[in-house]
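Structure first, commentary second.
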Amino acid sequence: MRILLIFFIYLCGLLPANAAKLAIIIDDIGYRLTDEAALTLPANITLSVLPHTPLGQKLANDGHQKGHEIMLHLPMQALNGKALGPGGLTNEMSETQIKQQLQAAFNSIPFAKGANNHMGSLLTQMDDPMLWVMQSLKQQQLFFVDSVTTKYTKASDTANQLGVPLLRRNVFLDNDVSQRGLEKQFNLIIERTKQQGKLVAIAHPYPETIRFLRTNLARLEANGIVLVQTSQLFDDINIATTSQANPTATLK
(Lines give C-alpha, C1' and ligand atoms only; values in the text may rest on other atoms or scores of the structure.)
Protein backbone atom coordinates (compact mmCIF):
# COMPACT_ATOMS: atom_id res chain seq x y z
CA MET A 1 0.00 0.00 0.00
CA ARG A 2 2.83 2.42 0.76
CA ILE A 3 4.28 1.96 -2.73
CA LEU A 4 0.89 2.66 -4.30
CA LEU A 5 0.49 5.75 -2.10
CA ILE A 6 3.91 7.02 -3.14
CA PHE A 7 2.94 6.45 -6.76
CA PHE A 8 -0.32 8.38 -6.32
CA ILE A 9 1.49 11.27 -4.63
CA TYR A 10 4.00 11.35 -7.47
CA LEU A 11 1.21 11.56 -10.05
CA CYS A 12 -0.24 14.49 -8.16
CA GLY A 13 3.08 16.30 -8.41
CA LEU A 14 3.84 16.27 -4.70
CA LEU A 15 7.11 14.37 -4.85
CA PRO A 16 10.38 16.24 -5.50
CA ALA A 17 11.01 16.76 -9.20
CA ASN A 18 14.44 15.14 -8.80
CA ALA A 19 13.11 11.88 -7.30
CA ALA A 20 14.82 8.89 -8.88
CA LYS A 21 12.43 6.90 -11.08
CA LEU A 22 12.55 3.19 -11.88
CA ALA A 23 10.50 1.28 -14.46
CA ILE A 24 10.39 -2.51 -14.24
CA ILE A 25 9.16 -4.39 -17.31
CA ILE A 26 8.07 -8.03 -17.00
CA ASP A 27 8.80 -9.70 -20.36
CA ASP A 28 7.76 -12.94 -22.06
CA ILE A 29 4.14 -12.95 -20.89
CA GLY A 30 1.59 -15.01 -22.79
CA TYR A 31 2.37 -18.72 -22.86
CA ARG A 32 2.22 -20.08 -19.31
CA LEU A 33 -0.59 -20.15 -16.77
CA THR A 34 1.97 -19.11 -14.18
CA ASP A 35 2.42 -15.79 -16.06
CA GLU A 36 -0.78 -14.64 -14.36
CA ALA A 37 1.21 -14.23 -11.14
CA ALA A 38 2.72 -11.08 -12.64
CA LEU A 39 -0.70 -9.44 -12.20
CA THR A 40 -0.28 -9.70 -8.42
CA LEU A 41 2.57 -7.17 -8.54
CA PRO A 42 1.90 -3.45 -8.01
CA ALA A 43 0.08 -1.73 -10.87
CA ASN A 44 3.09 0.40 -11.75
CA ILE A 45 4.97 -2.69 -12.95
CA THR A 46 4.80 -2.76 -16.76
CA LEU A 47 3.73 -5.99 -18.51
CA SER A 48 5.21 -6.79 -21.93
CA VAL A 49 3.16 -9.45 -23.72
CA LEU A 50 4.17 -11.70 -26.62
CA PRO A 51 1.86 -11.52 -29.67
CA HIS A 52 -0.45 -14.30 -30.83
CA THR A 53 0.07 -16.34 -27.66
CA PRO A 54 -2.58 -18.50 -25.97
CA LEU A 55 -2.93 -16.21 -22.95
CA GLY A 56 -1.57 -12.94 -24.30
CA GLN A 57 -4.81 -11.14 -25.04
CA LYS A 58 -6.45 -12.21 -21.78
CA LEU A 59 -3.46 -11.23 -19.65
CA ALA A 60 -3.16 -7.88 -21.43
CA ASN A 61 -6.84 -7.18 -20.77
CA ASP A 62 -6.64 -8.34 -17.15
CA GLY A 63 -3.43 -6.40 -16.56
CA HIS A 64 -4.94 -3.24 -18.00
CA GLN A 65 -7.99 -3.63 -15.77
CA LYS A 66 -5.67 -3.85 -12.76
CA GLY A 67 -3.89 -0.65 -13.80
CA HIS A 68 -0.73 -2.10 -15.36
CA GLU A 69 0.78 -0.45 -18.39
CA ILE A 70 0.84 -2.90 -21.30
CA MET A 71 3.55 -3.27 -23.95
CA LEU A 72 4.06 -5.55 -26.93
CA HIS A 73 7.04 -7.88 -26.54
CA LEU A 74 7.97 -8.05 -30.22
CA PRO A 75 9.98 -11.07 -31.42
CA MET A 76 12.94 -10.12 -33.61
CA GLN A 77 15.50 -12.31 -35.31
CA ALA A 78 18.50 -13.27 -33.20
CA LEU A 79 22.05 -14.10 -34.22
CA ASN A 80 21.77 -17.58 -32.71
CA GLY A 81 18.93 -18.54 -35.05
CA LYS A 82 16.57 -19.35 -32.19
CA ALA A 83 12.93 -19.80 -33.22
CA LEU A 84 10.96 -16.58 -32.85
CA GLY A 85 7.45 -17.87 -32.37
CA PRO A 86 4.42 -16.18 -33.97
CA GLY A 87 4.63 -12.54 -34.98
CA GLY A 88 8.41 -12.45 -35.34
CA LEU A 89 10.29 -10.07 -37.63
CA THR A 90 13.19 -11.35 -39.74
CA ASN A 91 15.77 -9.91 -42.11
CA GLU A 92 14.15 -11.76 -45.03
CA MET A 93 10.97 -9.69 -44.81
CA SER A 94 10.18 -6.77 -47.06
CA GLU A 95 9.09 -3.37 -45.77
CA THR A 96 5.46 -4.27 -46.37
CA GLN A 97 5.79 -7.62 -44.61
CA ILE A 98 7.48 -6.12 -41.55
CA LYS A 99 4.90 -3.38 -41.21
CA GLN A 100 1.98 -5.75 -41.66
CA GLN A 101 3.46 -8.22 -39.18
CA LEU A 102 4.01 -5.44 -36.66
CA GLN A 103 0.44 -4.20 -37.09
CA ALA A 104 -0.93 -7.71 -36.59
CA ALA A 105 1.19 -8.14 -33.47
CA PHE A 106 -0.16 -4.91 -31.97
CA ASN A 107 -3.70 -5.89 -32.92
CA SER A 108 -3.28 -9.09 -30.89
CA ILE A 109 -2.27 -7.25 -27.69
CA PRO A 110 -4.89 -4.73 -26.53
CA PHE A 111 -3.93 -1.50 -24.75
CA ALA A 112 -0.23 -1.67 -25.74
CA LYS A 113 1.42 1.75 -25.49
CA GLY A 114 4.74 0.67 -26.97
CA ALA A 115 7.00 -2.25 -27.72
CA ASN A 116 10.30 -3.78 -26.72
CA ASN A 117 12.24 -6.40 -28.61
CA HIS A 118 12.19 -10.09 -27.72
CA MET A 119 15.65 -11.35 -28.72
CA GLY A 120 16.63 -9.27 -31.79
CA SER A 121 20.42 -9.39 -31.60
CA LEU A 122 20.48 -9.60 -35.43
CA LEU A 123 17.53 -7.47 -36.51
CA THR A 124 18.24 -4.51 -34.24
CA GLN A 125 21.63 -4.13 -35.97
CA MET A 126 20.01 -3.67 -39.38
CA ASP A 127 19.24 -0.22 -40.80
CA ASP A 128 16.22 -0.84 -43.00
CA PRO A 129 14.19 -3.16 -40.75
CA MET A 130 14.64 -0.85 -37.77
CA LEU A 131 13.68 2.14 -39.91
CA TRP A 132 10.45 0.38 -40.94
CA VAL A 133 9.68 -0.55 -37.34
CA MET A 134 10.23 3.01 -36.13
CA GLN A 135 8.16 4.47 -38.96
CA SER A 136 5.30 2.26 -37.88
CA LEU A 137 5.62 3.23 -34.22
CA LYS A 138 5.86 6.91 -35.14
CA GLN A 139 2.64 6.74 -37.14
CA GLN A 140 0.71 5.40 -34.14
CA GLN A 141 2.47 7.53 -31.47
CA LEU A 142 3.88 4.47 -29.74
CA PHE A 143 7.21 4.20 -27.94
CA PHE A 144 10.04 1.68 -28.08
CA VAL A 145 12.22 0.20 -25.36
CA ASP A 146 15.45 -1.29 -26.69
CA SER A 147 16.09 -4.48 -24.72
CA VAL A 148 19.75 -4.12 -25.80
CA THR A 149 20.39 -7.72 -26.75
CA THR A 150 23.46 -6.56 -28.70
CA LYS A 151 25.86 -3.68 -28.15
CA TYR A 152 25.59 -2.95 -31.87
CA THR A 153 21.89 -2.11 -31.76
CA LYS A 154 20.78 0.73 -34.03
CA ALA A 155 17.39 1.22 -32.42
CA SER A 156 18.37 4.44 -30.65
CA ASP A 157 19.84 6.08 -33.75
CA THR A 158 16.82 5.20 -35.89
CA ALA A 159 14.31 6.29 -33.26
CA ASN A 160 16.10 9.60 -32.76
CA GLN A 161 16.04 10.28 -36.50
CA LEU A 162 12.27 9.90 -36.60
CA GLY A 163 11.42 11.33 -33.18
CA VAL A 164 10.14 8.06 -31.75
CA PRO A 165 10.27 8.07 -27.92
CA LEU A 166 12.90 5.49 -26.93
CA LEU A 167 14.37 4.08 -23.75
CA ARG A 168 17.16 1.54 -23.28
CA ARG A 169 17.20 -1.39 -20.90
CA ASN A 170 19.84 -0.77 -18.24
CA VAL A 171 19.75 -3.94 -16.11
CA PHE A 172 18.35 -7.47 -16.38
CA LEU A 173 17.11 -8.58 -12.96
CA ASP A 174 16.86 -12.33 -13.33
CA ASN A 175 19.38 -13.94 -15.67
CA ASP A 176 20.23 -15.84 -12.47
CA VAL A 177 17.10 -16.65 -10.45
CA SER A 178 18.93 -17.79 -7.33
CA GLN A 179 18.34 -15.64 -4.24
CA ARG A 180 21.94 -14.52 -4.40
CA GLY A 181 21.70 -13.64 -8.08
CA LEU A 182 18.46 -11.69 -7.69
CA GLU A 183 19.79 -9.82 -4.67
CA LYS A 184 22.94 -8.85 -6.55
CA GLN A 185 21.01 -7.46 -9.50
CA PHE A 186 18.43 -5.70 -7.35
CA ASN A 187 21.19 -3.92 -5.46
CA LEU A 188 22.67 -2.92 -8.82
CA ILE A 189 19.29 -1.57 -9.92
CA ILE A 190 19.03 0.54 -6.77
CA GLU A 191 22.57 1.84 -7.12
CA ARG A 192 22.26 2.78 -10.79
CA THR A 193 18.81 4.33 -10.42
CA LYS A 194 20.11 6.63 -7.70
CA GLN A 195 23.14 7.52 -9.80
CA GLN A 196 21.32 8.11 -13.09
CA GLY A 197 18.00 9.49 -11.85
CA LYS A 198 15.95 7.09 -13.97
CA LEU A 199 16.41 3.50 -15.08
CA VAL A 200 14.73 0.67 -16.99
CA ALA A 201 15.04 -2.86 -15.62
CA ILE A 202 13.71 -5.97 -17.35
CA ALA A 203 12.61 -9.14 -15.58
CA HIS A 204 10.55 -12.22 -16.41
CA PRO A 205 7.51 -13.93 -14.87
CA TYR A 206 9.53 -16.66 -13.21
CA PRO A 207 8.07 -17.76 -9.85
CA GLU A 208 11.39 -16.87 -8.17
CA THR A 209 11.32 -13.37 -9.66
CA ILE A 210 7.71 -12.70 -8.68
CA ARG A 211 8.35 -13.82 -5.08
CA PHE A 212 11.49 -11.70 -4.87
CA LEU A 213 9.78 -8.57 -6.16
CA ARG A 214 6.83 -8.98 -3.80
CA THR A 215 9.24 -9.13 -0.89
CA ASN A 216 11.73 -6.46 -1.95
CA LEU A 217 9.94 -3.68 -3.84
CA ALA A 218 9.37 -1.82 -0.56
CA ARG A 219 13.14 -1.27 -0.39
CA LEU A 220 12.88 1.21 -3.24
CA GLU A 221 11.11 3.81 -1.10
CA ALA A 222 13.80 3.61 1.55
CA ASN A 223 16.34 4.46 -1.15
CA GLY A 224 14.40 7.45 -2.48
CA ILE A 225 13.28 5.63 -5.63
CA VAL A 226 9.78 5.87 -7.10
CA LEU A 227 8.50 2.89 -9.08
CA VAL A 228 6.75 4.20 -12.21
CA GLN A 229 5.14 2.88 -15.35
CA THR A 230 7.49 2.87 -18.30
CA SER A 231 5.91 5.75 -20.22
CA GLN A 232 6.41 7.99 -17.18
CA LEU A 233 10.14 8.01 -17.85
CA PHE A 234 9.46 10.17 -20.90
CA ASP A 235 9.05 13.91 -20.56
CA ASP A 236 6.10 15.72 -22.12
CA ILE A 237 5.26 13.40 -24.99
CA ASN A 238 1.97 12.23 -26.39
CA ILE A 239 1.75 8.44 -26.04
CA ALA A 240 -1.20 6.76 -27.71
CA THR A 241 -2.40 3.21 -27.16
CA THR A 242 -3.43 0.67 -29.73
CA SER A 243 -6.91 0.68 -28.20
CA GLN A 244 -7.22 4.31 -29.35
CA ALA A 245 -5.91 3.63 -32.85
CA ASN A 246 -7.88 2.10 -35.68
CA PRO A 247 -7.08 -1.62 -35.35
CA THR A 248 -7.53 -2.17 -39.07
CA ALA A 249 -5.29 0.70 -40.14
CA THR A 250 -2.52 -0.15 -42.55
CA LEU A 251 0.92 1.06 -41.58
CA LYS A 252 2.72 2.86 -44.38
Inset, instruction - Whole Å is fine, so just give me how far the alpha carbon centre of segment 61-99 lies from that of segment 163-189. - result: 21 Å
Legend entry - Per residue accessible area of the chain, 1.4 Å probe, in Å²: 46 Å²
Inset, instruction - Please identify, among 101, 161, 232, the residue showing maximal mean-square fluctuation in a Gaussian network model of the chain using a 10 angstrom Cα cutoff. - result: 161
Inset, instruction - State which helices in the chain qualify, where a helix is a whole DSSP H run, it must extend 15 Å or more along its own axis by its Cα atoms, and its mean Kyte-Doolittle hydropathy must be at least -1.0. - result: 95-108, 127-139
Legend entry - Loop-located GluC sites (Glu not before Pro) in segment 92-195 whose Cβ has at most 10 other Cβ within 10 Å (DSSP): 92
Legend entry - Candidate lysines for bridging to residue 82, where Cα separation is under 24 Å - those fewer than 8 sequence places away on the same chain excluded: 99, 151, 154
Inset, instruction - With the full set of protein chains in place, find how many percent of the accessible area of segment 30-145 is carbon and sulfur; take the probe as 1.4 Å. - result: 51 percent
Inset, instruction - Take segment 99-245, compute every pairwise Cα distance, and split them into 5 Å bins from 0; I just need the percent in each bin. - result: 2, 9, 17, 19, 19, 16, 12, 6, 1, 0
Inset, instruction - Find which of 51, 83, 67 sits farthest along the positive direction of the dipole of segment 32-89, computed with +1 on the beta-carbon of Lys and Arg, -1 on that of Asp and Glu, about the Cα centre. - result: 83
Inset, instruction - For every other residue with a beta carbon closer than 12 angstrom to the beta carbon of residue 114, add +1 if it is Lys or Arg and -1 if Asp or Glu, then tell me the sum. - result: 0
Legend entry - Top positive-direction residue, dipole computed over the chain with Cβ charges, set 40, 164, 134: 40
Inset, instruction - Using Cα positions and a limit of under 20 Å, work out the lysines in reach of residue 58, with same-chain residues fewer than 8 apart set aside. - result: 66, 113
Legend entry - Selection from 196, 207, 225 lying farthest towards where the dipole of the chain points positive, charges on Cβ: 225
Inset, instruction - Please get the size of the charge dipole for the chain, origin at its Cα centre, with Cβ charges of +1 on Lys and Arg and -1 on Asp and Glu, quoted in debye to the nearest 20. - result: 380 debye
Legend entry - Using a Förster distance of 25 Å, the FRET efficiency for residue 160-residue 223 (Cβ separation, nearest 0.05): 0.20
Inset, instruction - Within segment 163-238, report the trypsin sites (Lys or Arg not before Pro) that DSSP leaves as loop and that have at most 13 other Cβ atoms within 10 Å. - result: none
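The values are calculated or read from the model by the stated rules, or taken from the named source; none is laboratory data. Quantities reported herein were computed from a predicted structural model and do not represent experimental measurements. All Cβ positions, even for glycine, are placed from backbone atoms using ideal geometry, and neighbour counts span all protein chains on display. The accessibility values were calculated without ligands, DNA or RNA, using every heavy atom of the protein model including side chains. Shrake-Rupley method; radii C 1.70, N 1.55, O 1.52, S 1.80 Å.
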